[in-house]
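Data block below; observations after.
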Amino acid sequence: MASVSTPARRAAAGSSRRAGFRRAAATDRTRSGGAGWLFATPFLVFFTLFLIVPIGIGLWMSFTNASLTGHGDGTLVGLDNYAEAFGDSQVWQTLGNTVWFTVLTTVPLVLVALVMALLVYTGMPGQWLWRLAFFASHLLPVAVVYQIWSMLFQPDRGMLNGLLKIFGIDGIAWLTDEKYAMWSIALVTLWWTVGFNFLLYLAALQAIPDHLYEAAALDGAGAWRRLWSVTLPQLRRTTGLIAVLQVMASLKVFDQIYLLTKGGPNGATRPILEYIYDTGFTNYRLGYASAVSYVFFGLIIILSIAQLKIFSRRED
């Protein structure tokens, strides 16, 4: 009997050990999961208080007649604010200005950043100096950017008009002429923010495997062929990311326009965020301003999804 029962006892002992290991592993997972939630709690608290709760309050206000002065009693008005927003000519005009600014800035900010990154990556002399020069402007606060460019754009004593006069060209009213105001702000934005896109492209270039270039060189590909056949295809994902980020950032433009032109001249540069700001904090119509902001938020979400689908199809 002893010789027969010994394998059975061994099997039972092995089974109990495995069960013990499983219970211990489950306990460890429970403990680690609890510790993970403990570390995540401060972030979740602040995320809820400063993002989720304000989003919910703003959405609720968009259905009321809330006013910053207190004259509005906050009663529900249903979809009246949204109906007014879709019929408001100022909403569509400022949205058009925002889209025009996005068109003016997105393509140059992608192409210029790519060229800058390629120049540095290809071994241009003094790389550390060029990297600093290309990225330094991105570190400046908007108030400093405003001070620099407001002096450059001065009609009488500005450096830009001074250069034009050297070549016999009359000075330009950079910020007060409707024909040039938005182009001027786009130029400021390009100079100010291109450094971030440059950094993303440079990191992507440095991640391209060297063996791809070596294989292309063995096949007799020159510099331009390697650029078109190796470098640019490898940067496709980065280009898609930069394009999406840039469109989102351009649609949310506010600071530089508000400081340089305050939406002028004659509303030619007024973005939709400035209209929302004026409606809520100058005209004190918080409910209507919330509705306009959520309409704009919905358009951004739709555009983001469309962009992601377009770039994902190109990847496939």
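The values are calculated or read from the model by the stated rules, or taken from the named source; none is laboratory data. Just so it is clear, the structure is predicted and the values come from calculations on it, not from any experiment. Cβ coordinates were reconstructed from backbone atoms using ideal geometry, including for glycine residues, and neighbour counts include every protein chain displayed. Surface accessibility is based on the protein's heavy atoms, side chains included, excluding ligands, DNA and RNA. Shrake-Rupley method; radii C 1.70, N 1.55, O 1.52, S 1.80 Å.
What to note about this one:
- Its residue count N sets the reference 2.2 N^0.38 Å, and the alpha-carbon radius of gyration of region 248-316 equals 1.38 times that reference.
- Length released on extending from Val103 to Gln154, taking residue separation times 0.36 nm less the Cα-Cα span: 15.8 nm
- C-alpha long axis of helix 286-315 to longest principal axis of the chain, angle in °: 60
- Taking a ≥ b ≥ c as the square roots of the eigenvalues of the alpha-carbon gyration tensor, region 158-277 is classed oblate because a/c is 1.5 or more while a/b is no larger than b/c.
- Distance (nanometres) between label positions extended 7 Å along Cα→Cβ at Val45 and Leu227: 5.5
- Taking all pairs of distinct alpha-carbon atoms in the chain, Kirkwood radius in angstrom: 24.7
- Angle in degrees between helix 236-251 and the longest Cα principal axis of the chain, rounded to the nearest 10: 50
- Annotated for the chain: lysine pairs at least 8 residues apart or interchain, Cα distance under 30 Å, count 6.
- Cα shape, region 81-222, gyration tensor, a/c 1.5 rule: oblate
- Virtual spin-label span in nm between Val112 and Leu132, 7 Å along Cα→Cβ: 2.2
- With distances taken between every two different alpha-carbon atoms, region 98-173 has a Kirkwood hydrodynamic radius of 15.2 Å.
- Placing +1 on the Cβ of every Lys and Arg and -1 on the Cβ of every Asp and Glu, with nothing else charged, gives the chain a dipole about its Cα centre of roughly 1980 debye.
- Relative to the longest principal axis of the Cα atoms of the chain, the long axis of helix 272-281 makes an angle of roughly 90 degrees.
- Loop-located trypsin sites (Lys or Arg not before Pro) across region 212-316 with a Cβ neighbour count of 16 or fewer within 10 Å are Lys252, Lys262, with loop assigned by DSSP.
- Selected from Gln256, Ile208, Leu273, residue furthest toward positive end of dipole (region 204-290; charges at beta carbon): Leu273
- Mean-position separation - Cα centroids, region 157-204 and region 241-302, in angstrom: 22
- Chymotrypsin sites (Phe, Trp or Tyr not before Pro) lying in DSSP loop within region 238-316, provided at most 11 other Cβ fall within 10 Å: none
- Expected 222 nm ellipticity per residue - DSSP helices of 4 or more, -39500 (n - 2.57), all of the chain, to 500: -23500 deg cm²/dmol
- The chain, accessible surface, carbon-and-sulfur percent (1.4 angstrom probe): 68
- Total formal charge among the other residues, if their Cβ is under 10 angstrom from that of Gln90, Lys/Arg +1 and Asp/Glu -1: -1
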